[in-house]
């Protein structure tokens, strides 16, 4: 990813995907994956954010994947989840506190 006023600047972050190659080929967008956002131009930079997606069936209104977002230290900062009710899909983005509260109830 690059950022500059002239659209010609230095690279500011590097995104690395950690996932199984077999699952990637066979399951495509349904696969589990973890994305790590690093400072700088390669994976040697500090991790500044993590995005984890669970395995799910994206084409159906049930069995949807969940996405959890963490800061660089692994502290959860939010989540995205989809709820199913008679084939009406509702996607909700929740902050950490709301998501934890939802799981408890």
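Using R₀ = 30 Å, calculate the FRET efficiency as 1/(1 + (r/R₀)^6) where r is the Cβ-Cβ separation of residue 94 and residue 41; round to 0.05. Write down the numbers at each step before the final one.
Details: r = 33 Å, r/R0 = 1.10.
Computed FRET efficiency for residue 94 and residue 41 comes out at 0.35.
Sorted by packing (mean other beta-carbon atoms within 10 Å per residue), highest first, where do 16-27, 66-77 land? Working shown, then result.
Values: 16-27: 11.6, 66-77: 14.2.
So the order, starting with the most tightly packed, is 66-77, 16-27.
Bear in mind these aren't lab numbers, they're just calculated from the coordinates by the rules spelled out. Values in this document were obtained by computation on a predicted structure and should not be read as measured data. When we count neighbours, we look across all protein chains shown, and the Cβ atoms used for this are built from the backbone with ideal geometry, even at glycine.
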